[in-house]
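Take a look at the structure below.
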Amino acid sequence: MPRVRRLRWWPLFALAAVTLMLPPIAIGNRVASDRVLPAQAVMAVDCTAGNVMCMTGDATSRIEVTTSNMIFDGRGFSSVGITVNADNVVIQNFNFTNCAGNCIWMKGSGNVAQDNKISQVYYAGDDIDGLRFFGNDTKILRNQFFNILVGPKHDAHLDCMQTWASTETGGGSARAVIAGNDCRDDDFRQCVMVEGPGSTDGGGGGPGSTEDWVIESNHFQCYANQTVALRDAHDFVIRDNAFAGGGNKAIQQADGTSGILIQDNVLGPGYRRLTGD
């Protein structure tokens with residue numbers, strides 16, 4: 001049985017203590033690296049370097065990235081969103097707000113979104129999410145998601161973070177790390193929505209496999225049937241997260257999901273159970 005602790009007023013201190021004591025854990029054919037904790041220092045950048053773009057003011061149009069191996073540093077300025085179709089792109093230190101459909105959209109290998117604030121997403125004829133990502137080796141670290149919905153909801157299904165595995169998006173995504181994020185909004189349906197190629201919920205059909213993820217040290221607060229939805233997902237580690245919202249279950253495992261290690265999470269009293277289909 002997975003170990004679970006009930007939420008108290010001291011969960012963050014308990015999580016930090018347990019995190020430092022636990023050894024590395026094997027995931028599929030690899031071993032998870034050291035935990036990526038919320039206190040990790042922000043990456044310093046040289047704004048004069050050729051592969052670095054530093055904001056000098058607020059961006060009122062969406063940023064489009066098609067060049068790989070770039071760093072985009074918001075330096076605290078606001079932007080109405082960013083779309084990445086490239087590899088090894090770092091997006092950091094932005095205040096994303098007033099975004100159409102989503103604030104961060106990433107497709108490629110080795111992309112990173114870290115230390116951003118994400119809020120106020122409006123309906124633009126599609127779903128509403130804080131962040132969407134596709135591809136392998138993605139890292140989503142220490143971002144804040146809050147006050148997402150602005151304007152009419154229409155038929156949107158709000159998620160904090162979402163990926164799916166259709167042919168159009170390239171299929172399954174491997175080796176993602178989601179760590180140290182603060183995700184809270186009463187309108188969220190899920191904080192993390194994961195659909196592998198075999199998903200029966202409309203986001204499957206592509207090649208590959210969605211596997212070998214680490215989801216750790218996040219604060220998740222949404223109120224729906226589940227907080228983390230896994231469909232055709234394999235060899236995940238879900239540990240040291242605070243599930244502070246409510247719902248039927250914290251973690252859904254459906255559509256053949258397998259090999260999910262659930263360890264040392266804090267479960268709030270608003271949930272009926274930790275996991276289920």
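The values are calculated or read from the model by the stated rules, or taken from the named source; none is laboratory data. Computed from a predicted model, the values in this text were never measured in an experiment. Note that each Cβ is placed from the backbone with ideal geometry, even for glycine, and that neighbours are counted across all protein chains shown. To get the accessible areas, we keep the full protein, side chains included, count just its heavy atoms, and leave off ligands, DNA and RNA. Shrake-Rupley method; radii C 1.70, N 1.55, O 1.52, S 1.80 Å.
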(request) Could you tell me the convex hull volume per residue, in Å³, taken over the Cα atoms of the stretch 166-207? (result) 83 Å³
(request) Using only C-alpha atoms and all pairs of different ones, pull out the Kirkwood radius for the stretch 132-277 in Å with one decimal. (result) 14.9 Å
(message) Given points 7 Å out from each Cα along the Cα-Cβ axis, report the TYR223 to ARG75 separation in nanometres with one decimal.
(response) 4.1 nm
(request) List the aspartates and glutamates whose Cα lies under 15 Å from the Cα of LYS249, skipping any in the same chain that are fewer than 8 positions away. (result) ASP277
(message) Between ASP187 and THR66, what's the calculated FRET efficiency when r is the beta-carbon distance and R0 is 30 Å? Round to 0.05.
(response) 0.40
(request) Obtain the radius of gyration and the Kirkwood radius of the stretch 187-244 from its C-alpha atoms and give Rg over Rh. (result) 0.99
(message) Let me check against my output: what whole-number percent is the relative contact order of the stretch 109-158, with C-alpha pairs under 8 Å and at least 6 apart?
(response) 52 percent
(request) Within the set of other residues whose C-beta is less than 9 Å from the C-beta of LEU158, count the net charge using Lys and Arg as +1 and Asp and Glu as -1. (result) -3
(request) Take the Cβ-Cβ distance between GLN263 and THR48 as r, set R0 to 30 Å, and report the resulting FRET efficiency rounded to the nearest 0.05. (result) 0.10
(message) Using only the Cα atoms of the stretch 95-167, what are the Rg and Dmax in Å?
(response) 12.0, 34
(request) Kindly report the accessible area of the stretch 142-225 per residue (heavy atoms of protein chains, probe 1.4 Å, no ligands, DNA or RNA), in Å². (result) 35 Å²
(request) Could you work out the Kirkwood radius for the stretch 32-164, taking every pair of different alpha carbons, averaging 1/r and inverting it, reported in Å? (result) 14.9 Å
